[in-house]
Amino acid sequence: MGNWHELELIGKTQAGGTGKPEYKKQGDIVYLQNVVLWTAAVPLPAHFATLPEGFRPSSQKSFTVNIRGVTSFVTGSINIDTEGLCTYSANSLGQTSTSINHGPDLSTVSFMI
(Lines give C-alpha, C1' and ligand atoms only; values in the text may rest on other atoms or scores of the structure.)
Protein backbone atom coordinates (compact mmCIF):
# COMPACT_ATOMS: atom_id res chain seq x y z
CA MET A 1 0.00 0.00 0.00
CA GLY A 2 1.41 3.36 -1.03
CA ASN A 3 2.23 6.13 1.39
CA TRP A 4 0.37 9.44 1.34
CA HIS A 5 2.38 12.48 0.18
CA GLU A 6 1.40 16.09 0.78
CA LEU A 7 0.12 17.79 -2.37
CA GLU A 8 2.02 21.05 -2.75
CA LEU A 9 -0.63 23.73 -3.25
CA ILE A 10 0.07 26.82 -5.33
CA GLY A 11 -1.56 30.20 -5.74
CA LYS A 12 -4.20 31.46 -3.36
CA THR A 13 -5.05 28.08 -1.87
CA GLN A 14 -4.91 26.36 1.49
CA ALA A 15 -5.84 23.05 3.04
CA GLY A 16 -9.42 22.75 4.21
CA GLY A 17 -11.34 20.20 6.19
CA THR A 18 -9.66 17.51 8.26
CA GLY A 19 -6.23 17.41 6.65
CA LYS A 20 -3.86 18.66 3.98
CA PRO A 21 -4.52 17.57 0.39
CA GLU A 22 -2.54 14.40 -0.34
CA TYR A 23 -1.86 11.87 -3.08
CA LYS A 24 -0.61 8.29 -3.18
CA LYS A 25 -0.05 5.51 -5.68
CA GLN A 26 -1.21 1.99 -5.00
CA GLY A 27 -0.20 -0.29 -7.84
CA ASP A 28 -1.18 1.55 -11.04
CA ILE A 29 -3.82 3.75 -9.39
CA VAL A 30 -3.27 7.26 -8.02
CA TYR A 31 -5.58 8.52 -5.27
CA LEU A 32 -6.13 12.06 -3.97
CA GLN A 33 -7.82 13.08 -0.73
CA ASN A 34 -8.93 16.06 1.38
CA VAL A 35 -10.07 19.58 0.47
CA VAL A 36 -8.48 22.56 -1.30
CA LEU A 37 -9.87 26.00 -0.33
CA TRP A 38 -9.22 29.35 -2.00
CA THR A 39 -8.10 32.34 0.07
CA ALA A 40 -9.14 34.82 -2.66
CA ALA A 41 -11.29 34.87 -5.78
CA VAL A 42 -9.35 33.53 -8.79
CA PRO A 43 -10.64 33.28 -12.39
CA LEU A 44 -11.57 29.78 -13.57
CA PRO A 45 -9.95 27.52 -14.58
CA ALA A 46 -7.74 27.78 -11.48
CA HIS A 47 -4.47 25.81 -11.29
CA PHE A 48 -3.97 24.63 -7.69
CA ALA A 49 -1.25 21.93 -7.80
CA THR A 50 1.02 19.84 -10.01
CA LEU A 51 1.44 16.11 -9.48
CA PRO A 52 5.04 14.87 -9.73
CA GLU A 53 6.27 12.47 -12.41
CA GLY A 54 5.20 8.92 -11.69
CA PHE A 55 1.80 10.14 -10.42
CA ARG A 56 0.49 11.69 -13.67
CA PRO A 57 -2.19 10.23 -15.95
CA SER A 58 -1.30 9.09 -19.47
CA SER A 59 -4.24 11.11 -20.84
CA GLN A 60 -6.20 14.08 -19.50
CA LYS A 61 -8.70 13.17 -16.79
CA SER A 62 -11.77 15.03 -15.60
CA PHE A 63 -13.65 14.39 -12.35
CA THR A 64 -16.88 15.67 -10.82
CA VAL A 65 -16.29 16.52 -7.16
CA ASN A 66 -18.25 18.01 -4.26
CA ILE A 67 -17.52 21.63 -3.35
CA ARG A 68 -16.97 22.31 0.35
CA GLY A 69 -17.62 25.55 2.22
CA VAL A 70 -21.08 26.15 0.76
CA THR A 71 -24.44 25.56 2.42
CA SER A 72 -26.10 23.85 -0.53
CA PHE A 73 -25.04 20.85 -2.60
CA VAL A 74 -22.66 22.10 -5.30
CA THR A 75 -20.46 20.06 -7.63
CA GLY A 76 -17.41 21.12 -9.56
CA SER A 77 -14.94 19.80 -12.09
CA ILE A 78 -11.29 18.90 -11.52
CA ASN A 79 -9.01 18.28 -14.50
CA ILE A 80 -5.58 16.64 -14.38
CA ASP A 81 -3.45 16.68 -17.53
CA THR A 82 -0.48 14.56 -18.61
CA GLU A 83 1.94 17.15 -17.17
CA GLY A 84 0.29 16.73 -13.77
CA LEU A 85 -1.44 20.15 -13.80
CA CYS A 86 -4.45 20.04 -11.48
CA THR A 87 -7.12 22.64 -12.22
CA TYR A 88 -10.56 23.47 -10.88
CA SER A 89 -12.53 24.48 -13.94
CA ALA A 90 -16.21 24.92 -13.16
CA ASN A 91 -19.02 24.43 -10.69
CA SER A 92 -22.73 23.78 -10.87
CA LEU A 93 -23.51 27.40 -9.91
CA GLY A 94 -21.97 28.64 -13.18
CA GLN A 95 -19.39 30.83 -11.44
CA THR A 96 -16.49 32.26 -13.45
CA SER A 97 -14.14 32.52 -10.45
CA THR A 98 -13.42 30.71 -7.21
CA SER A 99 -15.04 31.79 -3.95
CA ILE A 100 -13.11 32.52 -0.76
CA ASN A 101 -13.12 29.53 1.64
CA HIS A 102 -14.88 27.28 -0.89
CA GLY A 103 -13.19 24.50 -2.82
CA PRO A 104 -13.15 20.96 -4.17
CA ASP A 105 -13.05 17.80 -2.10
CA LEU A 106 -10.45 15.61 -3.83
CA SER A 107 -11.47 12.42 -2.02
CA THR A 108 -13.35 10.99 -5.01
CA VAL A 109 -10.43 11.50 -7.42
CA SER A 110 -8.54 8.39 -8.54
CA PHE A 111 -7.13 7.29 -11.89
CA MET A 112 -4.92 4.68 -13.53
CA ILE A 113 -1.48 5.66 -14.75
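Within the range 79-88, track down each residue that is surrounded by 13 or more Cβ atoms within 10 Å (Cβ to Cβ) and either among the polar types (S, T, N, Q) or modelled with pLDDT of 95 or more (or both).
Looking only at the range 79-88, we keep the residues that are surrounded by 13 or more Cβ atoms within 10 Å (Cβ to Cβ), and these are 79-81, 84-88.
Selection gives N79, I80, D81, G84, L85, C86, T87.
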| message | Among the residues of the range 9-16, are any in contact (Cβ under 8 Å) with a residue 40 or more places away in the chain, among the small types (G, A, S) and more than 15 Å from T108 (Cβ to Cβ)? | response | yes
| query | Pick from I100, I67: which is in contact with a strand residue (DSSP E or B) (Cβ under 7 Å, 6 or more places away or on another chain), buried (at least 18 other Cβ atoms within 10 Å of the Cβ) and either free of Cβ contacts under 8 Å to residues at least 40 places away in the same chain or under 14 Å from T13 (Cβ atoms) (or both)? | reply | I67
| Are there any pairs, at least 6 apart or on different chains, whose C-beta atoms fall under 9 Å, with the first in the range 22-36 and under 14 Å from G103 (Cα atoms) and touching a residue at least 40 places away in the same chain (Cβ under 8 Å) and the second surrounded by 20 or more Cβ atoms within 10 Å (Cβ to Cβ) and among the small types (G, A, S), and if so, which? | N34/G16; V35/G16; V35/G103; V36/G16; V36/A49; V36/G103
| said: Restricting to the range 1-39, count the residues that are loosely packed, with under 12 Cβ neighbours inside 10 Å and under 22 Å from G94 (Cα atoms). | reply: 0
| Within the bounds of the range 36-56, is there any residue that is at pLDDT 95 or above, polar (S, T, N, Q) and under 11 Å from the mean Cα position of the chain (by Cα)? | yes
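The values are calculated or read from the model by the stated rules, or taken from the named source; none is laboratory data. The structure displayed is predicted, hence computed values, not measured ones. For neighbour counting, all protein chains shown are included, and Cβ atoms are generated from backbone atoms with ideal geometry for every residue, glycine included.
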